[in-house]
Amino acid sequence: MQEHGQAVRSRALAMIREGASYSQVSDQLQVPRGTLGWWRHEERKALRISVEPVHDCPRCEPRVFDHAAYSYLLGLYLGDGHITSRPKQHHLSIFCCDSWPGLIQAAEDAMRAVMARPRVRRRQSTGCTEVKSFTRHWTCLFPQHGPGKKYQRAIVLEPWQQAIVRAHPWPFIRGLIHSDGCRVVNWTTKVVGGERKRYEYPRYFFSNKSDDIRALFTDALRMVGVEWTVLARGADPFNVSIARRASVALMDAHVGPKF
């Protein structure tokens, strides 16, 4: 087997990085394409090991960041979010129904507003889009991450998270509604002056199996003066309902339906 010196290897890799095909490099330098592929693989492997992924984590490198966007993203994460944290795979995922393209864009915008440097992309699944941001530092910003489902473990905000939610309760509420909530229009009929008339009235629902996450939602509602009740699903109080006219008006002004 022919041996190739370091000078040939360096020249070959430089040509590939500049856009030359393996066939062109092989013909010019008389190096088998399989050898070129192996050299390129080794180079990429060395880069992955030696280069720290770019990040701008405001917890690791304290800086001013968009607290309102974080409060909204926290709501999305607690509802339909997930963090993958493995040795070679780190990302935050927010799962958004394809019926609401505005929500998909809002999730991506919030990720970029909190940390602009990590790569963000979308992955299409059946009926939904996964918005993903790639950095291990999302666990710094969402210490609620852990093994198992959220409703099977305690969900408690850190003091710094509580301070952000207190300062920006409406984005937090909006994020929770956009993930595990909805705005619906109920209707009923009533006889008035001998004539049966149809009356419609809007209301908001938030449904989550985690007692802790529902408590965070209702605590935020109290901060902004929104009244609510709990509707049980069977024996389980999974649903928070907002139906009083004044409270619905507040929700419409600050949250609104998904879009």
Candidates M115, M223, M15, ranked by Gaussian network fluctuation over the chain, Cα under 10 Å, top entry: M15
At 1.4 Å probe size, put S179, S207 in order of accessible surface, largest to smallest. S207, S179
Label model pair K190, A116: point-to-point distance (7 angstrom along the Cα→beta-carbon line) in nm is 5.3 nm
Give a residue-ordered list of calculated ³J(HN,Hα) values for segment 87-95 (Karplus: 6.51 cos²θ - 1.76 cosθ + 1.60, θ = phi - 60°; whole Hz; x for Gly, Pro). x, 10, 8, 9, 6, 9, 10, 10, 9
Less than 13 Å from a label point 7 Å out along the Cα-to-Cβ axis of C140: which backbone N atoms in segment 63-86 qualify, by residue? 63-65
Counting only protein heavy atoms and a 1.4 Å probe, tell me what percentage of the chain's accessible area is made up of carbon and sulfur. 52 percent
Can you report the principal axis dimensions of segment 119-178 using only the alpha carbons, biggest first, rounded to whole angstrom? 35, 27, 25
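Rounded to the nearest 20 Debye, what is the dipole magnitude of segment 128-259 about its Cα centre when Lys and Arg each give +1 and Asp and Glu each give -1 at the C-beta?
On the way: 20 positive and 11 negative charges, 63 e Å.
The calculated dipole for segment 128-259 is roughly 300 debye.
Just check segment 203-246 against the gyration tensor rule for me: Cα atoms, a ≥ b ≥ c as the square roots of the eigenvalues, rounded for a/c under 1.5, and otherwise prolate or oblate depending on whether a/b exceeds b/c.
Values: a/c = 2.72, a/b = 1.34, b/c = 2.03.
Oblate, since a/c reaches 1.5 and b/c is not below a/b.
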Of the convex hull drawn through the C-alpha atoms of the chain, the volume per residue in Å³ is 191 Å³
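Where Lys and Arg each count +1 and Asp and Glu each count -1, what net charge lies around I177 among other residues with Cβ under 9 Å from its Cβ?
Details: positive: R174, R183, K258; negative: D180.
With Lys, Arg at +1 and Asp, Glu at -1, the neighbours total +2.
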Two decimals is fine: what is log10 I(q)/I(0) at q = 0.11, 0.13 Å⁻¹ for segment 59-143, from a Debye sum with one equal scatterer on every Cα and no solvent? -0.27, -0.37
Could you provide, to the nearest whole Å², the per residue accessible area of the chain with probe 1.4 Å? 56 Å²
When the chain is treated as a Gaussian network with springs between alpha carbons less than 10 Å apart, the largest mean-square fluctuation among R196, R244, R166 is found at R196
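How charged is the neighbourhood of C57? Take every other residue with its Cβ under 11 Å from the Cβ of C57, and add Lys/Arg as +1 and Asp/Glu as -1.
Neighbour charge sum, excluding C57 itself: +2.
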Please compare each pair in K88/K258; K209/K258; K150/K258; K88/K132; K132/K209; K132/K258 to a cut-off of 26 Å on the Cα-Cα distance and tell me which ones are over it. K88/K258
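With each run of n ≥ 4 DSSP H residues scored as -39500 (n - 2.57), what mean residue ellipticity at 222 nm is computed for the chain after dividing by its residue count and rounding to the nearest 500 deg cm²/dmol?
Numbers: 10 runs with 115 residues, N = 259.
Value at 222 nm, helices only: -13500 deg cm²/dmol.
Based on DSSP H assignment, which helices of the chain show an axial Cα extent of at least 15 Å together with a mean Kyte-Doolittle hydropathy greater than or equal to -1.0?
Counting only whole DSSP H runs, the qualifying helices are 6-17, 67-80, 101-114, 169-180, 211-224.
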Which value results when the Cα radius of gyration for segment 186-259 is divided by 2.2 N^0.38 Å? 1.32
For the chain, with only Lys/Arg (+1) and Asp/Glu (-1) charged at the beta-carbon, what is the dipole magnitude about the Cα centre, in debye rounded to 20? 360 debye
Any chance you could run the full-extension gain for A243 through V8? It's 0.36 nm times the residue separation minus the Cα-Cα distance, nm to one decimal. 77.2 nm
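Using a 10 Å cut-off on Cβ atoms, rank the peptides 97-104, 18-25 from the highest mean neighbour count down. Before the final figure, lay out the partial values.
Numbers: 97-104: 15.2, 18-25: 12.8.
Result, highest mean first: 97-104, 18-25.
Mind checking the full-extension length gain between Q124 and Y151? Use 0.36 nm per residue of separation minus the Cα-Cα distance, one decimal, nm. Spell out each step's value before the answer.
Numbers: separation 27, 0.36 × 27 = 9.72 nm, distance 2.59 nm.
Working it through step by step, the gained length comes to 7.1 nm.
Take the alpha carbon atoms of segment 35-189, find their radius of gyration, then divide it by 2.2 N^0.38 Å using N residues; give the quotient. Please report the intermediate quantities before stating the final value.
Working: Rg = 18.0 Å, N = 155, 2.2 N^0.38 = 15.0 Å.
Rounded to two decimals, the normalised Rg is 1.20.
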Can you list, by residue number, the Cys in the chain that have no neighbouring cysteine C-beta under 4.7 Å? C96, C97, C128, C140, C182
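The values are calculated or read from the model by the stated rules, or taken from the named source; none is laboratory data. The structure presented is a predicted model; accordingly, all values stated were derived computationally and were not measured. Methodologically, a virtual Cβ is constructed for each residue, glycine included, from the backbone with ideal geometry; neighbour enumeration extends over all protein chains shown. Side chains are part of the model used for accessible areas, which takes the heavy atoms of the whole protein and leaves out ligands, DNA and RNA. Shrake-Rupley method; radii C 1.70, N 1.55, O 1.52, S 1.80 Å.
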